[in-house]
Amino acid sequence: MWPMLGRKFKWMRRRFHHHGGAATLDTGATKRGFTHPLARAAHVWSAQGLDGSERRILVIVTTMELDPKRVRYDGMKVERLSRAAKGYLARSSEATAFVLMNRPRDWPASL
């Protein structure tokens, strides 16, 4: 499912299972997925804990810089996307947590 992940992220391949389709919020007649101008994609995955418990996680992919040590990092934009994700989780029963990540092709080659 995540062919581009390196050795550092092997745990993600083992513990995250895709539930198909985008993260959606049922609003009566229509289902609306998590959308935001700063998000490139959003999907709900199942994460299995070390104790065997399972949680549904909203994975949000963005092209923004997420490392605060980098020059292109914009804390206000990251906070804005995080607030939108928290609001979505409050209105939806699909997931209990969220994670922001960059596209794998944007990761440094050293990973």
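Readers should treat all values here as calculations from the given coordinates under stated rules, not as data from a laboratory. If you're wondering where the values come from, they're calculated on a predicted model, not measured in any experiment. Glycine also receives a Cβ, built like all others from the backbone with ideal geometry; neighbour counts cover every protein chain displayed.
Selection over the stretch 31-47 of residues that are more than 23 Å from residue 80 (Cβ to Cβ) and either surrounded by fewer than 14 Cβ atoms within 10 Å (Cβ to Cβ) or among the hydroxyl-bearing types (Ser, Thr, Tyr) (or both) gives a count of 2. Set side by side, the residues 54, 79, 94 differ, and just one is touching a strand residue (DSSP E or B) at 6+ places or on another chain (Cβ under 8 Å) and loosely packed, with under 14 Cβ neighbours inside 10 Å, which is 54. Of all residues in the stretch 36-60, which are among the acidic types (Asp, Glu) and closer than 13 Å to residue 97 by Cβ? Hit for the stretch 36-60 is 54, nothing else.
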